[in-house]
Amino acid sequence: MSYFVTGGTGFIGSALIERLAKRKGTIYVLVRRGSKQKYKDLLEKSGLSSDRLVAINGDLSKPRLGISPKDMASLKGSVKHFYHLAAIYDLKADAASQEIANVDGTRNAIAAAEAMDAKCFNLASSIAAAGLYRGTFREDMFEEAQGLEHAYFRTKHVSEGLVRNECKIPYRIYRPALVVGDSKTGEIDKIDGPYYFFKLLQRLRNRIPQWVPLIGVEGGQMNIVPVDYVADAMDFLSHKAGLDGRCFHLVNTESQLVGEVLNIFSKAAHAPRFAMRIDMRMFAFIPASILNLVKGLPPVRRIINAILADYQIPQDAMSFMNMPTRFDTRETLKALKGSGIGPPALEDYAHVIWDYWERNLDPDLFEDRSLRGNVKDKIIVITGASSGIGKAAAIKLAAAGGKVVLVARSLEKLEETQKEIADKGGSSYAYSCDVSDLESCDKLVAKVLENHGQVDVLVNNAGRSIRRSLELTFDRFHDFERTMQLNYFGAIRLIMGLAPSMLERKVGHVINISSIAVIVGTSPRFSAYAASKSALDAFSKAAAAEFSDRNIAFTTINMPLVRTPMIGPTSIYNSVPTLSPEEAADMICSAIIRRPKRIATGLGITMQVLNAIMPKAVEITMNMVFRTFPDSSAAKGDGEEIKTEASTEQIALAAVLKGIHV
């Protein structure tokens, strides 16, 4: 007995060949000339020799599969079972490709099977052949299919129709449900079906405690089976006598709602579950024309596309969220009776499926998250690069291959930074600029663009911080003016100068070094500093909204307290927890790699939430901080700062509020 298999190097095909390998006979597998490596991989996986697993060169899109006359002559009369599994099961594929593979491919496979005088044609169809049928679809139903507008549904239905109406040899049809990985190993070769929603579950797990109940959306039916069940059933049913002309639903006996499926995988992922699920059918009273109009609005469409793109969900996958069909399996279960073959419960193997995906198929595993991969040969401008955070970031970025443009008032100090960079094999360029001087900013922009042609990343790091209570500032209005001049006007002058070239190239990234005080919302003694950084934050939000569709990203880093020369005059900081410049530089590196909207510490986000829901409580807390940590001698005008040890109360409070400016 010999077998011929199309799609044998694919996911279901390779699983079926492993089963056929346990039987006697030669297995012929159709292989395109460009897929020879896949054939070699299949030999290794199946453990078969090339004498038992024989490659037949051909192509799905050609008449009789493009099998040569010589090969066809050798196959004629020797093939008992012809398995046609080759097809496109990808929702992202275009309609034309699906037409060629699913319809023309099936027509050519039928012709090839008839030419080689095969005894039985076994078609791997799909539950998609039922379209979006409302109700229970039996195994003897076909013409009753509904909702076949989507190319995938339509081509699977048409290809099955070809077998039913045109195949001159006995046939058997198998309609698998959504096929996931092996229930014992989790192995699968691509992301499809429920896998599209795994990234969402993963992010929920990473951001929200597992015990937090969530509100989700309920969808239609989702029927899932593992590949080992499909392969076992096809192998058994194809060899059982008396089943010609029959169709078998290789599905789970009980369909599950989308919300139930997501909760099963949420449990497997240790993610929070959707305790309340809103059934979208409750909005059925809204006319479809109105819903389509709203979904078609450009802003709504962009938001939907952005969300789907962020979670790497193809838009067509949403079609499977609302499948209304249940599939009858009585004939299949009757035919399988006594074989010990049956679909396992999803709950029993979901953890295996999740684990394999996270270890092997998570798209993030294939993205270059290295610093070098994201900064090599990029022009990165860093202001305030002569010391502290700017210097530490410049050294790290240059060591990773970035072409770092160092900006500060003192060229002499920048030369020190350059020397450290050169010692580590990096390259840098130094420019003198007083960022608080707008004319100086304009000259810097012109010179950098002239010398380097472009700027990929601008890091607005140069800044001035003044720690002084308002009572000591009534006669020092210039404190606010000079802080705003550097922290706000200087920063946006550079952004406005470099933005035109970024917009022209449709690529750019602006990173603003802000403060935790901005998101805490209450910053005693830092009114001038926090106000200037808040202004920059507000400007960046507006600019980000305007440039969102031009690939220009804005990232705000709400830094906690960092041990830099800026905090040197306040001796009390010697006793409170702070970040090192190197740790702060790591936050800048992370911003360049991930391009997030904001980077903030857990404390900062917590204080932001508390300030939103309990503003008075936060105000009282920060007033206590204000009274516990006095003004410095310099702020009082008492001359040089007197070095004092922090009190036990001060150290304890600083530890609780680690990183908040005090």
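The values are calculated or read from the model by the stated rules, or taken from the named source; none is laboratory data. The structure presented is a predicted model; accordingly, all values stated were derived computationally and were not measured. Cβ atoms come from the backbone with ideal geometry, glycine included; neighbour counts cover every protein chain shown.
List every residue pair whose Cβ atoms sit under 8 Å apart, with the two residues 6 or more apart in sequence or on different chains, where the first one lies in the stretch 142-171 and is in the same structural domain as residue 82 (by TED's automatic domain parsing) and at pLDDT 95 or above and the second, anywhere, is of a type in the set (Lys, Arg) and part of a loop (DSSP other than H, G, I, E, B).
Matching pairs, first to second residue: 169/119; 170/119.
If you take just the strands (runs of 3 or more DSSP E) that sit entirely in the stretch 178-286, which of them hold at least 1 residues that are among the hydrophobic types (A, V, I, L, M, F, W, C) and over 19 Å from residue 353 (Cβ atoms)?
214-218, 247-250, 274-279
Looking at 252, 223, 263, can you tell me which residue is under 20 Å from the mean Cα position of the chain (by Cα), polar (S, T, N, Q) and modelled with pLDDT of 90 or more?
263
Give me the pairs, please: first residue somewhere in the stretch 427-450 and under 14 Å from residue 382 (Cβ atoms) and part of a helix (DSSP H, G or I), second residue anywhere and of a type in the set (Phe, Trp, Tyr) and at pLDDT 95 or above, beta-carbon distance under 6 Å, and either six or more positions apart or on two chains.
If the second residue must be of a type in the set (Phe, Trp, Tyr) and at pLDDT 95 or above, the pairs left are 444/431.
What's the total number of residues in the stretch 479-500 that are in contact with a helix residue (DSSP H, G or I) (Cβ under 8 Å, 6 or more places away or on another chain) and without any contact (Cβ under 8 Å) to a residue 40 or more places away in the chain?
Qualifying residue count, the stretch 479-500: 0.
When you check residue 113 against the structure, is it within 24 Å of residue 4 (Cα to Cα), part of a helix (DSSP H, G or I) and more than 33 Å from the chain's Cα centre (by Cα), yes or no?
Taking the combined requirement at face value, the residue satisfies it.
Hey, can you tell me all the residues within the stretch 371-386 that are out of contact with any Ser or Thr (no Cβ under 7 Å at 6 or more places or on another chain) and touching a residue at least 40 places away in the same chain (Cβ under 8 Å)?
371, 374, 375, 378, 379, 380, 381, 382, 383, 384
In this structure, does residue 326 turn out to be surrounded by 13 or more Cβ atoms within 10 Å (Cβ to Cβ), basic (Lys, Arg) and at pLDDT 85 or above? Reasoning before the result, please.
Details: surrounded by 13 or more Cβ atoms within 10 Å (Cβ to Cβ): yes; basic (Lys, Arg): yes; at pLDDT 85 or above: yes.
Yes: the conditions hold for residue 326.
Quick check on my filter: what residues within the stretch 330-350 are buried (at least 19 other Cβ atoms within 10 Å of the Cβ) and either under 17 Å from residue 222 (Cα atoms) or without any contact (Cβ under 8 Å) to a residue 40 or more places away in the chain (or both)?
Passing the criteria: 343, 346, 349, 350.
Going through 121, 198, 137 one at a time, which residue ends up being in the same structural domain as residue 266 (by TED's automatic domain parsing), farther than 25 Å from residue 244 by Cα, of a type in the set (Phe, Trp, Tyr) and surrounded by 19 or more Cβ atoms within 10 Å (Cβ to Cβ)?
On the way: 121 fails: farther than 25 Å from residue 244 by Cα; 137 fails: farther than 25 Å from residue 244 by Cα.
Exactly one residue qualifies, and that residue is 198.
Can you confirm whether residue 104 is out of contact with any Ser or Thr (no Cβ under 9 Å at 6 or more places or on another chain) and either outside the structural domain of residue 182 (by TED's automatic domain parsing) or of a type in the set (Asp, Glu) (or both)?
It is false that residue 104 is out of contact with any Ser or Thr (no Cβ under 9 Å at 6 or more places or on another chain) and either outside the structural domain of residue 182 (by TED's automatic domain parsing) or of a type in the set (Asp, Glu) (or both).
Listed here are the residues, each with its yes/no results for (1) among the hydrophobic types (A, V, I, L, M, F, W, C); (2) out of contact with any Leu (no Cβ under 8 Å at 6 or more places or on another chain); (3) modelled with pLDDT of 70 or more.
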| site | (1), (2), (3) |
| --- | --- |
| 303 | yes, yes, no |
| 310 | no, yes, no |
| 320 | yes, no, no |
| 332 | no, no, yes |
| 336 | yes, no, yes |
| 366 | yes, yes, yes |
| 370 | no, yes, yes |
| 376 | no, yes, yes |
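If I filter the stretch 407-435 down to residues being within 40 Å of the chain's Cα centre (by Cα) and of a type in the set (Gly, Ala, Ser), which single residue comes out as surrounded by the fewest Cβ atoms within 10 Å (Cβ to Cβ)?
First pass over the stretch 407-435, keeping only residues within 40 Å of the chain's Cα centre (by Cα): 407-408, 414, 417-431, 433, 435.
Narrowing the set further to residues that are of a type in the set (Gly, Ala, Ser) leaves 408, 422, 425-428, 430.
Numbers: 408: 25, 422: 12, 425: 9, 426: 20, 427: 13, 428: 23, 430: 20.
So, considering only residues that are within 40 Å of the chain's Cα centre (by Cα) and of a type in the set (Gly, Ala, Ser), the one surrounded by the fewest Cβ atoms within 10 Å (Cβ to Cβ) is 425.
Could you please let me know if residue 382 is within 30 Å of residue 437 (Cα to Cα), part of a helix (DSSP H, G or I) and not assigned by TED's automatic domain parsing to the domain that holds residue 127?
Values: within 30 Å of residue 437 (Cα to Cα): yes; part of a helix (DSSP H, G or I): no; not assigned by TED's automatic domain parsing to the domain that holds residue 127: yes.
Taking the combined requirement at face value, the residue does not satisfy it.
Restricting to the stretch 124-134, name every residue that is part of a loop (DSSP other than H, G, I, E, B), surrounded by 19 or more Cβ atoms within 10 Å (Cβ to Cβ) and either modelled with pLDDT under 95 or touching a Pro at 6+ places or on another chain (Cβ under 7 Å) (or both).
Once the filter is applied, which keeps residues that are part of a loop (DSSP other than H, G, I, E, B), surrounded by 19 or more Cβ atoms within 10 Å (Cβ to Cβ) and either modelled with pLDDT under 95 or touching a Pro at 6+ places or on another chain (Cβ under 7 Å) (or both), the stretch 124-134 yields 126, 132, 133.
Take residue 183 and tell me if it is within 19 Å of residue 129 (Cα to Cα) and at pLDDT 95 or above.
No: the conditions fail for residue 183.
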